[in-house]
Amino acid sequence: MSEPQWLTWARDVQAIAQNGLTFCQNPYDRERYEQLRVLASSMIAALGQNTPETVLALFTNEKGYATPKIDVRGAVFNAAGEILMVREAIDQDRWTLPGGWADVNFTTAENTLKEVMEESGYSAEIIKLAALWDRNRQGHPPDVFSCAKVFYLCRLTGGTPTIDNLETSGIGWFNRDNLPDDLSLTRLLPHQLRRMFDHYDQPDLATDYD
């Protein structure tokens, strides 16, 4: 699934507008940057599935220099070589690795372990950084914002399975030969999941990046 070129252009226009509004003091130039933000909203709304007002509200909430968002994922393996997965409640109970948006005041590693505990009830420890991927280059469904996806290879250390009714509706352990087909593709792609098994089988593999 390749990202449409118009979305890349619209995202660039939004970033220019946001950066301009962050640093520019001239009222006339600020007005022009506001117009660019409205234009970017209209572009995405016309070619996407949202109203211009909805997209503009998203853009207006973005303050400061435009940077990618950070999504963290924990590839937790047990002693049997099975990987921990959770069902994403807000995505029709599709499967993904535990994770989510990174919170402030936590490192990406701390965020990952926190998400694992919150979404599954299990504790884990970090083995290594397995991958740092750009969401828009990986083949995920198109999205308004840029995002860096951080995958950590983790080892199970304890805990008991606990479902977070707000975020997850199920928990499971899977080996390489029985991976679920119904993945939450906005969060996890099949080749990314398989790659985590490669890192588990070969701990000395270099970190993947794009």
**Fill in**
Charge dipole of the chain built from unit charges on the beta carbon (Lys, Arg +1; Asp, Glu -1), centred at mean Cα; most positive-end Cα among 147, 41, 105 is 41
**Prompt:** What's the angle, to the nearest 10 degrees (0 to 90), between helix 5-23's Cα axis and the longest principal axis of the chain?
**Reply:** 70 degrees
**Prompt:** For the residue pair residue 57 and residue 179, what label-to-label distance in nm results when each label sits 7 Å from Cα along the Cα-to-beta-carbon direction?
**Reply:** 3.7 nm
**Asked** Using a cut-off of 19 Å between alpha-carbon atoms, which aspartates and glutamates can reach residue 114, once sequence neighbours fewer than 8 places away in the same chain are excluded?
**Response** 71, 88, 103, 125, 164, 167
**Prompt:** So which lysines can residue 63 reach, going by Cα to Cα under 24 Å and dropping same-chain residues fewer than 8 places off?
**Reply:** 149
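Counting only helical runs of four or more DSSP H residues, what would the 222 nm mean residue ellipticity of the chain come to if each run contributes -39,500 (n - 2.57) and the total is spread over all its residues?
Details: 6 runs with 78 residues, N = 210.
For the chain, the value works out to -12000 deg cm²/dmol.
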**Request:** Quickly rank 152-165, 63-76 as a protection proxy: mean count of other C-beta atoms within 10 Å, highest first.
**Result:** 63-76, 152-165
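From Cα pairs below 8 angstrom and at least 6 apart in sequence, can you work out the relative contact order of the chain, rounded to a whole percent? Before the final figure, lay out the partial values.
On the way: 378 pairs, mean separation 47.4, N = 210.
Averaging sequence separation for qualifying contacts and normalising by length gives 23 percent for the chain.
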**Request:** With a Förster radius of 35 Å, plug the Cβ-Cβ distance of residue 127 and residue 49 into 1/(1 + (r/R0)^6) and report the FRET value to the nearest 0.05.
**Result:** 0.35
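By how many nm would the segment from residue 92 to residue 79 lengthen if fully extended, with 0.36 nm per residue of separation less the alpha-carbon distance? Provide the component values of the computation, followed by the final result.
Numbers: separation 13, 0.36 × 13 = 4.68 nm, distance 2.98 nm.
That pair, residue 92 and residue 79, stretches by 1.7 nm at full extension.
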**Fill in**
In degrees rounded to 10, the 0-90 angle between helix 190-201 Cα long axis and the longest Cα principal axis of the chain is 50 degrees
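Can you give the relative contact order of the range 1-126 as a percent, counting alpha carbon pairs under 8 Å and 6+ residues apart? Display every interim value, and only then the final one.
Numbers: 139 pairs, mean separation 21.3, N = 126.
Dividing the mean separation by the residue count of the range 1-126 yields 17 percent.
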**Message:** For Cα pairs less than 8 Å apart in space and 6+ apart in sequence, what is the mean separation divided by the residue count of the range 3-59, i.e. the relative contact order in percent?
**Reply:** 32 percent
**Request:** Using only Cα atoms, tell me the angle between helix 27-47 and the longest principal axis of the chain; keep it within 0 to 90° and round to the nearest 10.
**Result:** 50 degrees
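Using a 1.4 angstrom probe on the protein heavy atoms only, could you order 200, 209 from most to least accessible area?
Details: 200 75, 209 175 Å².
The ranking, largest first, comes out as 209, 200.
Size of the dipole of the chain about the Cα centre, Lys and Arg at +1 and Asp and Glu at -1 on the beta carbon, nothing else charged, in debye to 20?
Working: 19 positive and 30 negative charges, 76 e Å.
Rounded to the nearest 20 debye, it is 360 debye.
The values are calculated or read from the model by the stated rules, or taken from the named source; none is laboratory data. Everything numeric here is computed off the predicted structure, so don't read it as measured data. Glycine gets a Cβ as well: all are built from the backbone with ideal geometry, and neighbour counts include every protein chain shown. The accessibility values were calculated without ligands, DNA or RNA, using every heavy atom of the protein model including side chains. Shrake-Rupley method; radii C 1.70, N 1.55, O 1.52, S 1.80 Å.
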